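**Q** What follows is a single structure, and I will ask about it in a moment.
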Amino acid sequence: MAAADLEVVRLAAERELSFFTCRSKLAEVLEKVLKAELIRLGWPLEKTHDLDRLLDELVSRRSDLLSVIEPLCDALAEVYFSDRYPGFDLDDPDWVVLRRQLQDVTELMRTVSERIEAGRGR
């Protein structure tokens, strides 16, 4: 599911369509990737959309992915909610930054997926 969502964000970002929707959806994909990594590390699934909370869980587990995850959480934690509601879309669209974040989330998802697959082979 996260891969399909990421593809939608990629296609929209290429065409520069609906910046705030793209950014919010990218935060949602990041949430799914963080949860996948946490579950891989033994975290009991918890119903939360709070990227900062998920980040804290990864910090407590001393994840080696923090150098990638922390900047993404810092950038996307607030927009996950604010971009969904009118009146908070005060930022000018920055497609360059969004595309860089998209690349980072894509690479993070690839890394986590590879780790999950490697764990299945044990």
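**Q** ILE116 is checked against (1) hydrophobic (A, V, I, L, M, F, W, C); (2) at pLDDT below 95; (3) farther than 19 Å from ALA3 by Cα and fails just one. What number does that condition carry?
**A** (3)
**Q** Can we say GLU37 is modelled with pLDDT of 95 or more and either acidic (Asp, Glu) or over 16 Å from ALA75 (Cα atoms) (or both)?
**A** yes
**Q** Moving to a separate point now. Scan segment 1-13 and report the pairs whose first residue is free of Cβ contacts under 8 Å to residues at least 60 places away in the same chain and whose second residue is β-branched (Val, Ile, Thr), with Cβ atoms within less than 9 Å and a gap of 6+ or a chain change.
**A** What qualifies is ASP5/VAL29; ALA12/THR21.
**Q** Give the number of residues within segment 2-15 that are buried (at least 17 other Cβ atoms within 10 Å of the Cβ) and either under 26 Å from ALA118 (Cα atoms) or hydroxyl-bearing (Ser, Thr, Tyr) (or both).
**A** 2
**Q** Right, next: Would you point out which residue out of SER24, SER18 is within 11 Å of the chain's Cα centre (by Cα) and surrounded by 14 or more Cβ atoms within 10 Å (Cβ to Cβ)?
**A** Within the list SER24, SER18, the selection yields SER24.
**Q** Does segment 86-111 hold any residues that are in contact with a helix residue (DSSP H, G or I) (Cβ under 7 Å, 6 or more places away or on another chain), modelled with pLDDT of 90 or more and either of a type outside the set (Val, Ile, Thr) or farther than 19 Å from ARG10 by Cα (or both), and which are they?
**A** Matches in segment 86-111: PRO93, TRP95, LEU98, ARG99, GLN101, LEU102, ASP104, LEU108, MET109.
**Q** For the list (1) surrounded by 12 or more Cβ atoms within 10 Å (Cβ to Cβ); (2) under 18 Å from ASP5 (Cβ atoms); (3) acidic (Asp, Glu); (4) at pLDDT 95 or above, I need the number of the one condition that ASP83 fails.
**A** With (1) surrounded by 12 or more Cβ atoms within 10 Å (Cβ to Cβ); (2) under 18 Å from ASP5 (Cβ atoms); (3) acidic (Asp, Glu); (4) at pLDDT 95 or above applied to ASP83, the lone miss is (4).
**Q** Next question, about the same structure. Just the residues that are part of a helix (DSSP H, G or I) and modelled with pLDDT of 95 or more, please, taken from segment 7-24. Show your work before the answer.
**A** Here is the first cut: in segment 7-24, the residues part of a helix (DSSP H, G or I) are 7-15, 19-24.
Selection gives GLU7, VAL8, VAL9, ARG10, LEU11, ALA12, ALA13, GLU14, ARG15.
**Q** Scan segment 38-75 for residues that are in a loop (DSSP other than H, G, I, E, B), small (Gly, Ala, Ser) and surrounded by 15 or more Cβ atoms within 10 Å (Cβ to Cβ) and report the count. Show your work before the answer.
**A** Narrowing segment 38-75 to residues in a loop (DSSP other than H, G, I, E, B): 41-50, 61-65.
Checking the rest, the ones that are also small (Gly, Ala, Ser) come to 42, 63.
Filter once more, keeping what is surrounded by 15 or more Cβ atoms within 10 Å (Cβ to Cβ): 63.
Counting residues in segment 38-75 that are in a loop (DSSP other than H, G, I, E, B), small (Gly, Ala, Ser) and surrounded by 15 or more Cβ atoms within 10 Å (Cβ to Cβ) gives 1.
The values are calculated or read from the model by the stated rules, or taken from the named source; none is laboratory data. These numbers come from a predicted model, not from an experiment. Please note: Cβ atoms are built from the backbone with ideal geometry, for glycine as well, and neighbour counts cover all protein chains shown.
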